[in-house]
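Take a look at the structure below.
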Amino acid sequence: MAAIVIGVDSSTQATKALAVDVESGEVVGTGRAPHTVRGTGGARESDPEQWWDALRAALEATGRAGEAAAVSVGGQQHGLVALGADGRPVRPALLWNDVRPAPQAERLVAALGGPQEWARRIGSVPTAAFTAAKWAWLRANEPEAAARVRGIRLPHDYLTGRLLGDALRHGVTDRGDASGTGWWSAVTGAYAEEVLALPEVALDPALLPEVALPGKPVGEAAAGLPLRPGALVATGTGDNMAAAAGLGLSAAGSGGTAVLSLGTSGTAYTASARPAADPTGVVAGFADTLGGHLPLACTLNCTLAVDKTAALLGLDRDAAADSSGEVVMLPFLDGERTPNLPYASGLLYGLRQGTTGAEVLRAAYEGAAYLLLAALDEVRAQAGGGGSPSGELLLIGGGARGRVWLDVVRRLSGAPVRVPRADELVALGAAAQAAGLLTGEDAAAVAHRWQTATGPVHPAVRRDERACARLAEAVARSGELTARPL
Ligand SMILES: Nc1ncnc2c1ncn2[C@@H]1O[C@H](COP(=O)(O)OP(=O)(O)O)[C@@H](O)[C@H]1O
Ligand SMILES: O=C(CO)[C@@H](O)[C@H](O)COP(=O)(O)O
């Protein structure tokens, strides 16, 4: 019988699990279970116990988990899972899009000597998203909870640890997800003692997971799960690193292919052989899970901002006009990370008597897509010019299924856009990592073999220079209104 592996995507809104045939890459079972995100204002929290319940439910729903020879978890990056002595979270996890730690991020940047120093030593300049800023926030705002912490995990580490039997005893992560903490350096490939020792952080490295080598199992699935006891467990990784591997991207072999992922977050990235060092902080110098690098820019406002705008207007998300006319929207509904404007809210400009709701909706799509495409130029520069601005873009994530998203990305990029037929590239990338444990290939090689990136190419159309110029000017002139709340 053909070997089966399981790949998991534990993202912001849901857990998705795929059962995949190791030989052919055929998806033979799927499962899904939703998550709850709580918080008003800048707060965004989820209960890790709910992720664990969702993971087991999604595994069951594949109908094939009991046959799987190996399993791997890709998870939303950066989230702070703080474990007590009983191995349970001392409080809900602070998520990647929780912007309350913005003041702590500012202090951390200054404490190490400024953005240049962070870019040079760590590869990234921390924003509120980074785990180090979240930990500093917890210490400053909930010192009693911080004092009870005996282990710190990322979302995917927590789930990997639970698969192994206990998240506190089994502390293991991978270089990709570790690179989103701020206390692991993509430049040196090791925990950064100078960050752990900062007064705002003051973290004992013993509380952190071991960073495992790619390609080796980290253990076997515990008994009592919807998995075969003894199934191999892979390191797992962050969701963007899993998707990159799942598309076959590697520093060695993807020729600068750029990816735009439209989900809860918007992300733009490409594989690179060298760590990024962007002192502006637009590009995070993440590591990939294979041994290379993944310069990446991330926006907080993507599909949810568009869906909220459609809901406010009482329109279907596909009812956007073909042009935004005079309207410009900076859809900073959740604050923003790229550009780094954690206190911003959404701005709408150019309304007239003749403006239609469909034009306003179009403007929301354009604002979200433009910010990501502008950041992609910086990502490419950090990757050493790999890939040309007119090179093909790979479009993935839930938004890639949307007619208007595709149209807007084509018009604002002027590039040919390929939409892979495969759904759930994070879970597929995790499955490829699990399969590699059995075959000895790396995850990107498995993904190549599975042809995960194949799909229709939508040819380039003329770039809408006017819309891009208006958006660039709106960002440049929004100044005070987006820097601080009224
Ligand atoms: N057909 C579609 N058209 C436009 N947007 C879509 C479509 N299907 C899903 N989405 C959007 O995709 C988002 C979920 O994307 P996904 O990549 O699964 O999110 P995440 O991994 O961050 O949880 C939803 O917020 C929804 O707005
Ligand atoms: O913070 C980042 C990247 O740095 C986000 O991309 C998170 O990893 C969340 O991902 P999704 O839930 O949107 O997939």
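The values are calculated or read from the model by the stated rules, or taken from the named source; none is laboratory data. A quick note: this is a predicted structure, and the numbers were derived from the prediction, not measured. Note that we place each Cβ from the backbone using ideal geometry, even for glycine, and neighbour counts take in every protein chain shown. For the accessible areas, the whole protein counts, side chains as well, though only heavy atoms, and no ligand, DNA or RNA atoms are used. Shrake-Rupley method; radii C 1.70, N 1.55, O 1.52, S 1.80 Å.
Where the only charges are on Cβ atoms (+1 Lys, Arg; -1 Asp, Glu), what is the dipole of the range 4-235 about its Cα centre, to the nearest 20 debye?
280
When DSSP assigns beta bridges and you keep just the ones with both residues in the chain, what percent turn out antiparallel, to the nearest 5?
Just about 70 percent of them are antiparallel.
Specify, per residue and in Å³, the volume enclosed by the convex hull of the alpha carbon atoms belonging to the chain.
Normalising the Cα hull of the chain by residue number yields 126 Å³.
Antiparallel as a % of all DSSP beta bridges within the range 1-103, to the nearest 5?
Antiparallel bridges make up about 75 percent of those DSSP assigns within the range 1-103.
Rank ALA186, ALA145, GLY176 by how far each Cα sits towards the positive end of the charge dipole of the range 4-235 (+1 on Lys, Arg Cβ; -1 on Asp, Glu Cβ) and give me just the farthest.
My answer, from the dipole projection, is ALA145.
With a cut-off of 8 Å between alpha carbons and a minimum separation of six or more residues, what is the relative contact order of the range 262-401 in percent?
Relative contact order here is 30 percent.
Would you mind working out the accessible area per residue for the chain, using a 1.4 Å probe, and quoting it in Å²?
Ligands and nucleic acids excluded, the result is 37 Å² per residue.
Tell me the Kirkwood radius of the range 1-157: reciprocal of the mean inverse pair distance over distinct alpha-carbon atoms, in Å.
After inverting the mean inverse Cα-Cα distance, the result is 17.1 Å.
Round to a whole number: what % of the accessible area of the chain belongs to carbon and sulfur, probe 1.4 Å?
Reported share for carbon and sulfur atoms: 51 percent.
Run down the aspartates and glutamates and flag those whose C-alpha is under 12 Å from the C-alpha of LYS308, throwing out any fewer than 8 positions away in its chain.
LYS308 reaches ASP316, ASP334.
Identify, among GLY63, ALA206, PRO103, the residue whose Cα sits farthest towards the positive end of the charge dipole of the range 4-235, taking +1 on the Cβ of Lys and Arg and -1 on the Cβ of Asp and Glu, with the dipole about the Cα centre.
Selected residue: PRO103.
Counting each DSSP H run of 4 or more residues in the chain as -39500 (n - 2.57), what helix-only mean residue ellipticity at 222 nm follows after dividing by all residues, to the nearest 500 deg cm²/dmol?
Using -39500 (n - 2.57) per qualifying helix, the result is -10000 deg cm²/dmol.
For the range 196-282, calculate the relative contact order in percent as a whole number, restricting contacts to Cα pairs under 8 Å that are 6 or more residues apart.
In percent, rounded to a whole number, it is 15.
For the range 181-336, what are Rg and Dmax over the alpha carbons, in angstrom?
20.0, 61
Charges at C-beta only: +1 for Lys and Arg, -1 for Asp and Glu. How large is the resulting dipole of the range 294-437 about its Cα centre, in Debye rounded to 20?
140
Note down the relative contact order for the chain as a percent, whole number, built from C-alpha pairs under 8 angstrom at least six residues apart.
Relative CO of the chain lands at 16 percent.
Please compute the net charge surrounding THR309, taking Lys and Arg as +1 and Asp and Glu as -1 over other residues with Cβ under 14 Å from its Cβ.
Net of charged neighbours comes to -3.
On the full set of protein chains, 1.4 Å probe, figure out the accessible area of GLU473 and give it in Å² to the nearest 10.
Answer for GLU473: close to 90 Å² accessible.
What is the antiparallel percent of DSSP beta bridges lying wholly in the range 279-372, to the nearest 5?
90
Dipole size in debye (nearest 20) for the chain around its Cα centre, Lys and Arg Cβ +1, Asp and Glu Cβ -1?
420
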